[in-house]
1. Quick one: if the Förster radius is 25 Å, what FRET efficiency do Asp431 and Lys279 give, using the C-beta to C-beta distance and rounding to 0.05?
2. Using unit Cβ charges (K, R positive; D, E negative) and no other charged atoms, how large, in debye to the nearest 20, is the dipole of the chain about its Cα centre?
3. Taking the chain as the reference, fit the longest principal axis to its C-alpha atoms, fit the long axis of helix 432-451 to the helix C-alpha atoms, and give the angle between the two in degrees, 0 to 90, nearest 10.
4. Could you work out how far helix 401-423 tilts from the main Cα principal axis of the chain, as a 0 to 90 degree angle to the nearest 10?
5. What do you get for the angle between helix 132-155 and the principal long axis of the chain? Use alpha-carbon atoms, 0 to 90 degrees, nearest ten.
6. Accessible area per residue of the chain at 1.4 Å probe, in Å²?
7. Straight distance only, please: which lysines reach the Cα of Lys169 with their own Cα at less than 20 Å, same-chain residues fewer than 8 apart left out?
8. Rounded to the nearest 500, what is the 222 nm mean residue ellipticity of the chain from helices alone, with -39500 (n - 2.57) per DSSP H run of 4+ residues and division by all residues?
Amino acid sequence: MKQVIFLIDVGNAKFLIDNVNNKYKLPSLEYQKDIKNINDDFFKKYNITIKEQSLEILKDTDNYILIKAHTDNFTKNKKYKCEILKEAYEIITDQLHKSILLDIICNIFFETINDSFWLGIILTVEDKLKDYQMKNILSSFLLFYSSIFCQEIVQYKLGKIVNQKLTNKMLKKMRNSYLKDCPLYDSKNIKKIIDEMGIDFDKEGIFDIVLSLANDELIDINSRNWSINKSNNFEIYNGIIVSPRKWIKNQLSKELNDSIEELRNYFIEEFIERFRKIKIVPKSYSTKKLFSIDLSYNEKVYILQRIGLIKTIKLIDDILGNDKFAIKTDDNDICLDFNVFFIKIKATLIEMIWNDSKSNNIPFLEEMLNNLPSELDTQFFIINRKCRDNIHYGFYNSIKNNEYELLEKNQNIYINYIINELNKKIVYVFDRRYNINIKIANFLYKFFNKKQ
């Protein structure tokens, strides 16, 4: 008889497991033609309420229907266990349920392989480039996404991050600094950056920031990575950046590693050639002059700390994203696809911007998101969230080819719109007057340093 099988997420990708006569299985119900009342039927059997809006049919086969849902009223009960997928697979005895979990676990594994492969490629490219400014841009990107990768690997027990100084708490703090902590003027960290850099939003004639430009367009501002660059924790940050490369080597067999190493060489040389064509030029500038319109301190801080990440991701996408870098291993078991990897990066960026807007402290950001381009597809944000959620290695959301096509088109519309709106808030001009002022500033700096 066809059954309805449930993956009930009780929080943080821990799933409910039923104990039936000391044998563990996923919660299930006998098949019903009409599943409109499935919530009530589930509650009658398990006394657990499913969030109705979270119900999602993952698979409908001749033998079963697989439904994923969330609950927020689960309390500890000896009859049930709550485990991450890897641990659930180890204790479940029902063979059908076990095979369902194995399929998901394999998809998660392939996702982590794809992520670590491309992070490793970019790491090697960064290492081989001689342009310090471009190396800095790529390093900051690697730290952003590698911190997410490492924390997920540790949380869902998918292998070890071989660095004794790296703790899960440390990784989570680093990851949240990108994804959850909206940069605001009154935060302790921002106050420290402003104080150490001597940033003055109101005083003319102070060169208190450094802009990084590519083809005369702003790419980054040095305040964004100030705390990291000034920190004594170089070994820790470097450990995070190199961990995805080490992880993939530890997870795969020697034969598969050798095969993947051969695949790396083409991509590395191609990527290096592309990045070498881009010249990053640093320019000292004044925070006061950067902002052309009247903005609150929170809005100014937000631009200082966020525009670099947004534009760095756009820069990398422009350099690499126009071609389809994808290849399969000889046995077709593993597909390595840069497009899949980077669409997820952009999905993460878009969700980060949305999360920032919820702080209710960045008026222009709320206004921007309330006036998004009309050409954005109505399904875009739903699919984008589904894609972004694959940064979590506790579950895997299957995304179809047509959904990837929709994502790529709409993500570019969204990110270009955000960048254009941010560009309207800033002004940077390097004219004759700028050249005179910077020479005077350099002279005074050297003069007073000599006197000291």
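1. For R0 = 25 Å, the calculated efficiency reads 0.80.
2. 1760
3. 80
4. The helix 401-423 is inclined about 30 degrees to the chain.
5. Here the helix axis deviates by roughly 20 degrees.
6. Result: 52 Å² per residue.
7. Partners within reach: Lys14, Lys157, Lys160, Lys180, Lys188.
8. One gets -18000 deg cm²/dmol as the mean residue ellipticity at 222 nm.
The values are calculated or read from the model by the stated rules, or taken from the named source; none is laboratory data. Because the structure is a prediction, the values reported are computed rather than measured. So basically every Cβ, Gly included, is an ideal-geometry build from the backbone, and we count neighbours across all protein chains shown. SASA here: full protein model, heavy atoms, side chains in, ligands and nucleic acids out. Shrake-Rupley method; radii C 1.70, N 1.55, O 1.52, S 1.80 Å.
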